[in-house]
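The values are calculated or read from the model by the stated rules, or taken from the named source; none is laboratory data. Computed from a predicted structure; not experimentally measured. Cβ placement follows ideal geometry from the backbone for every residue including glycine, while neighbour counts extend to all protein chains displayed.
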Amino acid sequence: MARPQIEFIQSQAIRWHKGLYGGARPDVHSKILSLDRISGASSVLIKYPAGWKRTAREHLLADEEFFVLDGSVRIAGIDYGPHCYANLPAGYPRLRASSRAGAIVLTFFSATPVARRGKAEAGLYQENLLVERLDSMEMPWGVMPDGSDLDPELGGRGALKTLRQDPRNGDWTFLYGAMPQSHPDGWAGKVETHTVVEEMYMLAGEMAGNVGIMRPGAYFWRPPGILHGPYGSATGSLGFFRTQGGPLVNEWTDYEVTFTYSPAYRPVLPKALRKTAREVRPATSCY
């Protein structure tokens, strides 16, 4: 398996390392949340120092999808502040980049982020994949991308904002907000699974599930076919979600299990992360 199940680790338990794998940005710090060692695709936290800048025209050989957690960055004349989102396809022209006061950015690369100077070679850049800038703070809470209502099994306990849906395969990036004091009806709920990869980074609040309480900074990478849940939030929560392999469709069991707001932390992690995994409570920041 290119990426093992990671469910879940608090990003605060992962050390910052100098530079970014692939060598594109040696003057930042980064935390690798998960990495596909075959394709080079990854999910990463990047810390841009105050005064960071790139002055030469360049492009990446990978798609870069990102969501600003703190601070701001400027790329090709466009400013991205807290909770701004973009998907910049491979070959996107970067005519300078900078961060005046520094930033923490949740970032996803489709391959190893290798930088090249000058214009991209013909055929690399696919403009139909571009989402140049969205300010999620200005977006209304909505329904599913196809206009349908949320899954009725969720009982109206949350809402979402679609940030992107890949025109090639339906891969979906969205924010999901859970209402406070939300829990399965009767304190028992069905267990769910998906046919696609589901990935999540917790931005705010808390969410209790079958392997513990996810707090700001919690991250999971879940391969297809993994049973999980039920979930509920005493405080309310906000999570950043991505899928790989198509849109997210919930498949529910025909049985229910007991739900609690105070489950023990029982993560499912690869060996390299087990020795550093820990609960973070309370989590004062999401990184």
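What to note about this one:
- Per-region count, segment 131-164, residues more than 20 Å from the chain's Cα centre (by Cα), assigned to a loop (DSSP other than H, G, I, E, B) and in contact (Cβ under 8 Å) with a residue 24 or more places away in the chain: 3
- Among all positions in segment 224-235, there is at least one residue which is in contact with a Lys or Arg (Cβ under 9 Å, 6 or more places away or on another chain), part of a loop (DSSP other than H, G, I, E, B) and at positive phi.
- When residues of segment 254-284 are limited to those that are touching a Gly at 6+ places or on another chain (Cβ under 9 Å) and in a strand (DSSP E or B), the one surrounded by the most Cβ atoms within 10 Å (Cβ to Cβ): Glu256
- Unique match (being more than 15 Å from Ile46 (Cβ to Cβ), under 19 Å from the mean Cα position of the chain (by Cα) and not in a loop (DSSP other than H, G, I, E, B)) among Asn128, Asn87: Asn87
- Trp172 vs. criteria aromatic (Phe, Trp, Tyr), without any contact (Cβ under 8 Å) to a residue 60 or more places away in the chain and over 14 Å from Ser233 (Cβ atoms): no
- If the condition is being touching a helix residue (DSSP H, G or I) at 6+ places or on another chain (Cβ under 8 Å) and closer than 16 Å to Ser233 by Cβ, then segment 140-169 contributes only Gly155.
- Residues of segment 198-223 that are in contact with a Cys (Cβ under 6 Å, 6 or more places away or on another chain) and either assigned to a strand (DSSP E or B) or modelled with pLDDT under 95 (or both): Leu203 alone.
- Residue, farthest from Arg215 (Cα to Cα), within segment 234-253, restricted to residues that are buried (at least 16 other Cβ atoms within 10 Å of the Cβ) and among the aromatic types (Phe, Trp, Tyr): Phe241
- Taking the conditions (1) β-branched (Val, Ile, Thr); (2) more than 30 Å from Ala159 (Cβ to Cβ); (3) not assigned by TED's automatic domain parsing to the domain that holds Arg54 in turn, Val114 satisfies each one other than (3).
- Hits in segment 4-30 (condition: surrounded by fewer than 21 Cβ atoms within 10 Å (Cβ to Cβ), within 25 Å of Gly212 (Cα to Cα) and not β-branched (Val, Ile, Thr)): Pro4, Gln5, Gln12, Ala13, Arg15, Trp16
- In the set (1) in a strand (DSSP E or B); (2) over 27 Å from Trp16 (Cα atoms), Thr195 fails one condition alone, (1).
- Any hit, segment 221-233, residues being within 11 Å of the chain's Cα centre (by Cα), farther than 18 Å from Met144 by Cβ, buried (at least 21 other Cβ atoms within 10 Å of the Cβ) and in contact (Cβ under 8 Å) with a residue 12 or more places away in the chain: yes
- Condition met for Ala97 (in the same structural domain as Tyr231 (by TED's automatic domain parsing) and either modelled with pLDDT under 95 or crowded, with 18+ Cβ neighbours inside 10 Å (or both)): no
- Flag for Ile38 being outside any loop (DSSP other than H, G, I, E, B), within 21 Å of the chain's Cα centre (by Cα) and more than 22 Å from Ser136 (Cα to Cα): no
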